[in-house]
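**Student:** The structure's right below; bear with me while I get my questions together.
The values are calculated or read from the model by the stated rules, or taken from the named source; none is laboratory data. Note that this is a predicted model, so its numbers are computed, not measured. In this analysis, Cβ positions are derived from the backbone assuming ideal geometry, glycine residues included, and neighbour counts consider all displayed protein chains.
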Amino acid sequence: MDIPFREINTIEPLAECIKQHDGSFIVRDPRPVQEAENSIVNYLRHWSSNVPDRAMLGERDSTGAWRKISYRQMREQADAVGQWLLDHSIEPGQTVLILSPASIEHAVLAMGAMTVGVTIAPISPPYALHKLGWSKLQKVVDAVRPSAIFSQHAAPYADGIAAVELDGIPWIVVEDDLPDRDLIGFAELLGTELTEAVEQAFAQTGPDTVAKILFSSGSTGWPKGIINTQRMMCLNQAYHDTIWHPDEHCGPFDTLNWMPWHHTMAGNGLFNRSLRQGGTYYIDEGRPIPGQFDSTIKSLREISPHSYSDVPAGFAMLATALEEDSDLRDNFFRNLVFLQYAGASLPIELWQRWQELSVQATGLRTPFLTGYGCTETGPSITQLYWAVEGSGYLGVPVPGVEMKLIPVDDTRYEVRARGGNVTPGYLGNDLLYAEAIDDEGFYCTGDAATFVDPQNPSAGFRFASRVAEDFKLLTGTFVAVGSIRAKAVGALMPLVSDMVITGQDKSFVGALIWPDIGACRKLIGKGADALSDQQVTAHPDIRMAIADKLKSFNSSNTASSMQIARALLLDEPPSAEENEITDKGYIAQTLARTRRADALSRLFADPPPPEVMVFD
């Protein structure tokens, strides 16, 4: 398109690249970073004094109406929670375990705990909700040794809590649906009378105070507790203050998001950004999966966000909804400044659909500003903060973070990061942390990137692959899973939602594919609603349409490492309970290959069974 992007008020990208004697590169932005706050709570106190009645958070109540809490109310309630914790001898060095999705009370508890220096440990609710997760919950409990538990409801978590012997620990709930249990109502915390102890405790907090323990399973499937200090979180906000001009704080800005707060992307990145901006964060009860996305659409009819962040699957579903409803489209783009994707690369076909929607609504294109990071960096390492053509870009290191690039092959480099935002350790696992930090103090991400332009590091980087998920074919050809997966999913949209790329020690690449059932039903047309999901997946029209798209994909990708020789459609959705799909919607490729051993056997059988699609 020749149509320009809407303007964004950021500084010019800058990166200097220094080659070391071992062939690695150090890449950094040499500009100074703005001074960081000592605590994220400072933002709350600033806005509660300056715009006390502005809504900080909103969520749907039982009637479907928005329930909101202002910055003043958040400050008052957080202080009360902090006082209650101190009154009950829950002090700095101790931890509150949070078993709850995002909610206003979840935020109040988190801000209250951080006010007095108590650590929070928000964890994935399925650890406690499903029996399959109880062993992981036990790992978390053994590491954290919580002094209290918080959950919105009690009944869904009771069996999990009993399984890991947490019955004797104070359990705080918002809604007591276990009347026979000795539970503490959240209202009790809010009614606590304040003393000077809260201010004295807050004065003792600082950059080294442990704010959170965030648990990440990674490729192992087992949770590791990543220490998040106030320094990590505040530096992340300072990095972005450095990139953006001061008028970013001239909001108020509205955010709507569904992503869970026990992940760094939303819990640190989006929540803290909204807090820094003095914005209003609306908690989206929808999810980018069939049957749960209607809630998101309902909210976007009422809210025009300042920015919008989602995983590629969410952007695909939302694009379809906006294409079908011009009023919804126009309201969505009315106040929008930029888009941001996370968790996986955005297929180029989807990126193009979004630009077409933006032009229809505004006459301009809207930039996707993405970045790269991880829980260990709270979360930022790089940021794309200027408009580019296409997707898959990571930007450049944010000011204050150094990136080391270790050659993997002729074009790819393993990414490592060093800065004040890197975690000081893994909870109770010094050995694992020592293995994650190299001899120059860089955190080893295990991911790979490529230069956009090797002669111009300020042009930034593109994501190449997750090194741990990549593999070699029997021929010795290297397969970069992230690259082929993103391109293939994009080529097969909208009929396909995601896939697992496989072929370790085989002579060709294979794919296990999840069809997008909603899009497939539309293709089938009449009578599709009467079919089960399994019948939709096996429908000859669907198999033929996906096969045709795969043939076209293969014909435009001549390298064996980028061609899918066999494919099998899956009728069982990815399992969140077994970490096959993360809470952010990313398919853990290595774990999925392990879990789908039977499907892999059929995919590579000789001769292949009839359900396997074979492409010469």
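**Student:** Can you give me the ranges of the strands (runs of 3 or more DSSP E) entirely in region 365-453 with at least 1 residues that are touching a strand residue (DSSP E or B) at 6+ places or on another chain (Cβ under 7 Å) and over 27 Å from residue 350 (Cα atoms)?
**Tutor:** In region 365-453, 402-407, 413-418, 443-451 are the strands (runs of 3 or more DSSP E) which contain 1 or more residues that are touching a strand residue (DSSP E or B) at 6+ places or on another chain (Cβ under 7 Å) and over 27 Å from residue 350 (Cα atoms).
**Student:** Here's another thing I want to ask about it. Within region 386-398, track down each residue that is more than 19 Å from residue 315 (Cα to Cα) and surrounded by fewer than 23 Cβ atoms within 10 Å (Cβ to Cβ).
**Tutor:** Selection gives 386 alone.
**Student:** Given the condition free of Cβ contacts under 8 Å to residues at least 40 places away in the same chain and over 13 Å from residue 339 (Cβ atoms), answer yes or no: does some residue in region 369-377 qualify?
**Tutor:** Among the residues of region 369-377, not one is free of Cβ contacts under 8 Å to residues at least 40 places away in the same chain and over 13 Å from residue 339 (Cβ atoms), which makes the answer no.
**Student:** With respect to residue 370, determine if the residue is assigned by TED's automatic domain parsing to the domain that holds residue 22, within 15 Å of the chain's Cα centre (by Cα), closer than 21 Å to residue 11 by Cα and buried (at least 24 other Cβ atoms within 10 Å of the Cβ).
**Tutor:** yes
**Student:** Continuing with this model, one more query. Give the residue that is farthest from residue 216 (Cα to Cα), with candidates limited to residues of region 346-366 that are in contact with a Lys or Arg (Cβ under 8 Å, 6 or more places away or on another chain) and buried (at least 22 other Cβ atoms within 10 Å of the Cβ).
**Tutor:** Step by step, filter region 346-366, then rank; the result is 358.
**Student:** Related question: If I go through region 122-139 residue by residue, how many of them are aliphatic (A, V, I, L, M) and surrounded by fewer than 24 Cβ atoms within 10 Å (Cβ to Cβ)?
**Tutor:** 2
**Student:** Can you give me the ranges of the strands (runs of 3 or more DSSP E) entirely in region 13-71 with at least 1 residues that are closer than 23 Å to residue 270 by Cβ?
**Tutor:** 55-60, 66-70
**Student:** Can you tell which of 48, 24 is surrounded by 12 or more Cβ atoms within 10 Å (Cβ to Cβ) and in the same structural domain as residue 255 (by TED's automatic domain parsing)? So that I can check it myself, show each step before the final result.
**Tutor:** Numbers: 48 fails: in the same structural domain as residue 255 (by TED's automatic domain parsing).
Answer to the check: 24.
**Student:** Pull out all pairs, ordered by first then second residue, where Cβ-Cβ is under 6 Å, the residues are six or more apart or on different chains, the first lies in region 458-475 and is under 28 Å from residue 243 (Cβ atoms), and the second is surrounded by fewer than 16 Cβ atoms within 10 Å (Cβ to Cβ).
**Tutor:** If the second residue must be surrounded by fewer than 16 Cβ atoms within 10 Å (Cβ to Cβ), the pairs left are 458/14; 459/453.
**Student:** Look at residue 493 and say whether it is outside the structural domain of residue 135 (by TED's automatic domain parsing) and touching a Leu at 6+ places or on another chain (Cβ under 7 Å).
**Tutor:** So residue 493 fits the description; yes.
**Student:** Let me ask something else. Evaluate region 502-518: report whether one residue or more is out of contact with any Leu (no Cβ under 8 Å at 6 or more places or on another chain), at positive phi and either free of Cβ contacts under 8 Å to residues at least 40 places away in the same chain or not assigned by TED's automatic domain parsing to the domain that holds residue 260 (or both).
**Tutor:** Looking for residues that are out of contact with any Leu (no Cβ under 8 Å at 6 or more places or on another chain), at positive phi and either free of Cβ contacts under 8 Å to residues at least 40 places away in the same chain or not assigned by TED's automatic domain parsing to the domain that holds residue 260 (or both), one finds none in region 502-518, hence no.
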